[in-house]
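Below is the structure I would like to discuss, written out as structure tokens.
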Amino acid sequence: MSKRVGIEVSIAISEAVGLARAEVIPAYPITPQTHIVEHLSEMVANGQLDAEFVPVESEHAAMSCCCGAAAAGARVFTSSSSQGLSLMSEILYIPSTMRLPMVMVVANRAMSAPISIWNDHQDIMVQRDIGWIQTFAENGQEAVDLTIHAFKVAENRNVSLPMIVNIDGFTLSHVIEPIELPDQEDVDKYLPPFKPRYKLDPRRPITMGPVGIPEVYTEAKVAHAMAMKNSRRYILKAWKEFEEVFGRKYEPVETYRTEDAEVLLVGMGSICETAMTAVDEMRDQGQKVGLLKIRLWRPFPAQEFRKAVGKTKILAAIDRCLPPGAVCGPVGAELRSMFYKIPGAPKIFSFVAGLGGRDVTVSRFEEIVDKARAYAKKRPRELYEVIGVREK
Amino acid sequence: MANSDAIVGWKTITFGCHILEPGNSANFRTGDWRSQRPVTDKEKCIRCGMCWIFCPDMTYKQDEEGYFEADMEYCKGCGICAHECPKDAITMVPEEG
Ligand code: SF4
Ligand code: SF4
């Protein structure tokens, strides 16, 4: 029987990686991901996990090492955050087009300057287009479940792509929650040993990562984009199987009290927990407000999202990322382009909140809903608005 | 220019753009972009084989008399052979047209 224990989310993620029987873990510690990596290194050192833990000299080396290990056919895990994730940047585009499966947990953190170790989504939005499958966890249980799910999806031979599980730094990584850790037997049943389509093997030599001359590059990139698009069904299938084995259900877009809603908040990650409380309070006051949680960020589940919006006419997209000079945040932009010129499309208003560890409280969500309603009547002057910013 | 077998659509391109057939560089006709070709003066040549050793595309083949001749399918005209020849027997001649 799986047991429910009070455990720090980072430690629980490491345990999940252990249950998934990761074989190679090249990683470099960075706040707020540190506990994940520290605990994994302990697990390997104590003989609890039969894996190679590679204490690399940088994140650049960590991701390079991940590519090599995955190319050799190992089950690979790493984890990073913020500046460290950015240091991986040069390598991150490589395993995805090369179709090398691996799993990375990103403990989301703000980008410097000013120096901030606290949580928002700017680090991962820098890496939005690296061509990895990306999910967002809302709480500790999801972080554990999505980590196990990620191996299943990434290693599916029809998918064969690297995958990131985003967890909010500190808000999730450093919080102790009651979490059900699955049984080894069940995880083994769910996650058979990794059998890559191709691997580097001296008995059957192949070349990985050759030059893509102009006559080839476009086709290689389109093949990657199509693999990403086609991964959707295997992501869903892996969630369905997850439900069968572990009893917890996951969907690419999750709805909360969306029935006959006039306004829908749209968020990702842990702020959705507070948003649910805000929705409850507003519903108690008789307001028709609901919440959409984007769990699958890449590939973007447009079909499911449209269905989840239903007949609602006002969407308030919340970005935990401020891209200076852009029309609006990436979530807002995604929704706007998705609904562009679609008959009966909702009005979409873009808000930026919760930067660099600033809490998004229940009253902030209420403020967002009030503003979205007002803007639906009278067009706002700006294309996005930063919530809770002091002017003077 | 390159191996025309590799110029395929995205549906047929190899998985992950891997090269699945080892030792296939002979399929790539690197001679297509040459702007000058090496010409050997047999009067000067001492058949030492330095051109054969240094050619980065391994285009030189030795004939029955022991002289070395570059294969124009693969010679890319870099001029390394001419530079390395101890007898200055090789001249780089511009390609016409
Ligand atoms: S390097 Fe010069 S001398 Fe030697 S074999 Fe070649 S052409 Fe002849
Ligand atoms: S010019 Fe360059 S490629 Fe051609 S034969 Fe000489 S060394 Fe080889």
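Order these peptides, A:106-113, A:92-99, by their mean beta-carbon neighbour count within 10 angstrom, highest first.
Descending packing order for the listed peptides: A:106-113, A:92-99.
Quick one: which residues, 5+ away or cross-chain, put their amide H under 5 Å from the amide H of residue B:37? H built at 1.01 Å from N.
For residue B:37, whose amide H was placed from the backbone, the distant partners under 5 Å are B:93, B:95.
Can I ask one more? Where a ≥ b ≥ c are the square roots of the eigenvalues of the C-alpha gyration tensor, would you call region A:9-49 rounded, which needs a/c under 1.5, or, failing that, prolate if a/b is larger than b/c, or oblate?
Since a/c reaches 1.5 and a/b is larger than b/c, the shape of region A:9-49 is classed as prolate.
Here is a follow-up. Residue by residue through region A:264-274, what is 3J(HN,Hα) from phi via Karplus (6.51 cos²θ - 1.76 cosθ + 1.60, θ = phi - 60°)? Round to whole Hz and write x for glycine and proline.
Listing the rounded values in order: 10, 7, 10, x, 9, x, 5, 4, 5, 5, 5 Hz.
Ok, one more. In straight Cα distance, which lysines are under 17 Å from residue A:371, not counting same-chain residues fewer than 8 positions off?
Within the straight-line cut-off, residue A:371 pairs with A:288, A:313, A:347.
Ok, one more. Partner chain Cβ atoms within 10 Å, averaged over the residues of A:206-217 - can you pull that number for me?
Shielding by partners across A:206-217 averages 5.
Considering the options A:256, A:33, A:187, tell which one lies farthest towards the positive end of the dipole of chain A, charges being +1 on Lys and Arg and -1 on Asp and Glu at the Cβ, about the Cα centre.
Result: A:256.
When the dipole is taken about the Cα centre of chain A, and only Lys, Arg (+1) and Asp, Glu (-1) are charged at their Cβ, what size is it in debye, to the nearest 20?
Approximately 1800 debye in magnitude.
Show me, bin by bin at 10 Å from 0, the whole-percent P(r) of region B:33-94 based on Cα pairs.
Calculated P(r), rounded to whole percents: 26, 61, 13.
For residue A:52, enumerate residues with amide H under 5 Å from its amide H, sequence gap 5+ or separate chain, H modeled in the peptide plane.
Here the answer is A:24, A:25, since their amide H atoms fall under 5 Å of that of residue A:52.
Calculate, in nm to one decimal, what residue A:177 and residue A:307 gain on full extension: separation in residues at 0.36 nm each, minus their alpha carbon distance.
Taking 0.36 nm per residue and subtracting the Cα distance, the gain is 43.6 nm.
Across peptide A:96-105, what mean number of C-beta atoms from other chains lies inside 10 Å of a residue's C-beta?
If you average over the peptide's residues, the count of other-chain Cβ atoms is 1.
A further question on this structure: Can you work out the accessible area per residue across region A:253-386, with the rest of the protein chains kept in place, probe 1.4 Å, in square angstrom?
Each residue of region A:253-386 exposes 46 Å² on average to a 1.4 Å probe.
Taking a threshold of 32 Å on the Cα-Cα distance, which of the pairs A:249/A:378; A:307/A:377; A:199/A:237; A:3/A:311; A:3/A:152; A:195/B:11 fall above it?
A:249/A:378; A:3/A:311
Between rounded, prolate and oblate, where does region A:253-386 land on the alpha carbon gyration tensor, with a ≥ b ≥ c its root eigenvalues, rounded for a/c under 1.5, else prolate if a/b exceeds b/c?
Taking the square roots of the gyration eigenvalues as a ≥ b ≥ c, region A:253-386 is rounded.
Mind checking the full-extension length gain between residue A:128 and residue A:363? Use 0.36 nm per residue of separation minus the Cα-Cα distance, one decimal, nm.
Length gained, residue A:128 through residue A:363: 81.6 nm.
To continue, here is another question. Kindly rank B:35-41, A:310-316, A:337-343, A:14-20 from highest to lowest mean number of other beta carbons found within 10 Å of each residue.
Ranked from most to least packed, the peptides come out as A:14-20, A:310-316, B:35-41, A:337-343.
If each DSSP helix of 4+ residues adds -39,500 (n - 2.57) and the sum is divided by the residues in the protein assembly as shown, what number results at 222 nm, nearest 500 deg cm²/dmol?
Calculated at 222 nm, the ellipticity per residue is -10500 deg cm²/dmol.
Explain nothing, just compute: Karplus ³J(HN,Hα) = 6.51 cos²θ - 1.76 cosθ + 1.60, θ = phi - 60°, for every residue of region B:54-62 in order, whole Hz, x for Gly and Pro.
The phi angles translate into 7, 4, x, 9, 6, 8, 6, 10, 8 Hz.
Quick one: what are the phi-derived ³J(HN,Hα) couplings along region A:5-18, Karplus 6.51/-1.76/1.60 with θ = phi - 60°, whole Hz, x for glycine and proline?
Per residue, the Karplus-derived 3J(HN,Hα) values read 10, x, 8, 5, 4, 4, 5, 5, 5, 4, 4, 5, 5, x Hz.
What lysines does residue B:44 reach when the alpha-carbon gap must be under 28 Å and sequence neighbours fewer than 8 apart in one chain are set aside?
Of all the lysines, those that pass the test against residue B:44 - Cα under 28 Å, at least 8 places apart if same chain - are B:61, B:76, B:87.
Of B:94, B:78, B:10, which is farthest towards the positive pole of chain B's charge dipole, taken about the Cα centre with +1 and -1 on the beta-carbons of Lys, Arg and Asp, Glu respectively?
Going by the charge dipole, the pick is B:10.
State the percent of C-alpha pairs, over all pairs in the protein assembly as shown, separated by a distance greater than 35 angstrom.
Here the long-distance tail beyond 35 Å is 44 percent of all Cα pairs in the protein assembly as shown.
Assuming R0 = 56 Å, can you tell me the calculated FRET efficiency for the pair residue A:237 and residue A:285, based on Cβ-Cβ distance, to the nearest 0.05?
0.85
Follow-up question, since we're still on this one. Please give the peptides A:345-352, A:190-197 ranked by average Cβ packing (other Cβ atoms within 10 Å per residue), highest first, as a rough proxy for protection.
Answer by packing, highest mean first, reads A:345-352, A:190-197.
A further question on this structure: In region A:253-386, what percentage of the DSSP-assigned beta bridges are antiparallel, given to the nearest 5?
Antiparallel: roughly 20 percent of the beta bridges in region A:253-386.
Count, for each residue of B:14-27, the Cβ atoms from other chains sitting within 10 Å of its Cβ, then give me the mean as a whole number.
Averaged over the peptide's residues, the number is 6.
The values are calculated or read from the model by the stated rules, or taken from the named source; none is laboratory data. Keep in mind that what you see is a predicted model, and the values were worked out from it rather than measured. Neighbour counts run over all protein chains shown; Cβ positions are idealised from the backbone, glycine included. Protein only, heavy atoms only, side chains kept; ligands, DNA and RNA dropped before computing areas. Shrake-Rupley method; radii C 1.70, N 1.55, O 1.52, S 1.80 Å.
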